[in-house]
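What follows is a short report on a single structure.
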Amino acid sequence: MPRKAAAPKRVYQLKITLKDSKPPIWRRVEVPDDSTLSKLHAIIQAAMGWTDSHLHMFSIGRTSYGVPDPDYEDEDVRDERRVKLNQLLTEPKQKLSYEYDFGDSWTHVVLLEQVREPEPGVAYPRCTAGKRACPPEDCGGVWGYADFLAAITDPEHPEHDELREWAGGEFDPEEFDLAEIDAALRQ
């Protein structure tokens with residue numbers, strides 16, 4: 001029989017916003033405050049809808065956290081598996097940055113909105129709100145995404161058919177399915 005996870009001592013309510021997205025693309029998640037940055041990476045991937053097929057890095061101030069590369073000893077990246085969220089963010093309004101896919105540079109602002117006691121019977125992490133669909137992987141970052149949206153919404157655009165097919169047929173930039181995101185977080 002699987003062990004039941006212990007209830008966290010404190011829960012962080014985080015707002016994760018894709019930087020420079022207009023209109024804003026964001027998620028509000030509740031996570032145990034003692035989650036490692038490695039775990040937070042997995043939570044952001046699931047909550048936003050990314051596929052975890054690119055490199056990533058957290059940063060706060062001038063310090064970077066990620067998966068250190070043993071081939072680059074000079075690289076000043078601290079191991080995200082050894083750092084907990086509550087070691088970096090301790091009070092509301094503090095932020096850290098999360099960059100996903102260094103080519104497209106999807107930069108997210110992770111804002112600590114609230115610190116509170118866990119609710120009895122609630123499984124964490126969980127997503128409680130959000131807006132808009134996650135952009136497709138490899139579409140060129142925020143600016144490439146704007147071009148992608150312009151093309152798929154204009155049947156006269158020369159790349160309309162090609163980009164719709166590339167995106168799997170239909171793409172609704174306003175879609176946000178809380179139940180689907182919560183299911184992904186539980187996995």
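The values are calculated or read from the model by the stated rules, or taken from the named source; none is laboratory data. Keep in mind that this is a model prediction, so the values were computed, not measured. Positions of Cβ are backbone-derived with ideal geometry, glycine not excepted, and every protein chain shown enters the neighbour counts.
Residues in the stretch 33-73 that are assigned to a loop (DSSP other than H, G, I, E, B), hydroxyl-bearing (Ser, Thr, Tyr) and either surrounded by fewer than 19 Cβ atoms within 10 Å (Cβ to Cβ) or in contact with a Cys (Cβ under 9 Å, 6 or more places away or on another chain) (or both): 51, 53, 72.
Residue-by-condition table, conditions (1) under 17 Å from the mean Cα position of the chain (by Cα); (2) touching a residue at least 12 places away in the same chain (Cβ under 8 Å):
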{"residue": "36", "(1), (2)": "yes, yes"}
{"residue": "42", "(1), (2)": "yes, no"}
{"residue": "50", "(1), (2)": "yes, yes"}
{"residue": "60", "(1), (2)": "yes, yes"}
{"residue": "92", "(1), (2)": "no, yes"}
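Residues that are assigned to a helix (DSSP H, G or I) and among the aliphatic types (A, V, I, L, M) within the stretch 146-187 comprise 146, 149, 150, 151, 152, 163, 178, 179, 181, 183, 184, 185, listed in sequence order. Close Cβ contacts (under 7 Å, 6 or more residues apart or on different chains) running from residues in the stretch 148-165 that are touching a residue at least 24 places away in the same chain (Cβ under 8 Å) to residues that are surrounded by 12 or more Cβ atoms within 10 Å (Cβ to Cβ) comprise 149/173. Scan the stretch 121-133 and give yes if some residue there is assigned to a loop (DSSP other than H, G, I, E, B) and more than 26 Å from residue 58 (Cα to Cα), otherwise no. Yes: the stretch 121-133 contains one or more residues that are assigned to a loop (DSSP other than H, G, I, E, B) and more than 26 Å from residue 58 (Cα to Cα).
Looking only at the stretch 85-101, residues that are crowded, with 17+ Cβ neighbours inside 10 Å and in a strand (DSSP E or B) come to 4 in all. Take residue 113 and tell me if it is buried (at least 19 other Cβ atoms within 10 Å of the Cβ), in contact (Cβ under 8 Å) with a residue 24 or more places away in the chain and not in a loop (DSSP other than H, G, I, E, B). Judged against the criteria, residue 113 is not a match.
You will find that of 179, 129, 123, the residue that is assigned by TED's automatic domain parsing to the domain that holds residue 22 and touching a Phe, Trp or Tyr at 6+ places or on another chain (Cβ under 9 Å) is 129 and no other. Within the stretch 116-138, restricting attention to residues that are surrounded by fewer than 19 Cβ atoms within 10 Å (Cβ to Cβ), touching a strand residue (DSSP E or B) at 6+ places or on another chain (Cβ under 6 Å) and not small (Gly, Ala, Ser), the residue that is nearest to residue 176 (Cα to Cα) is 131.
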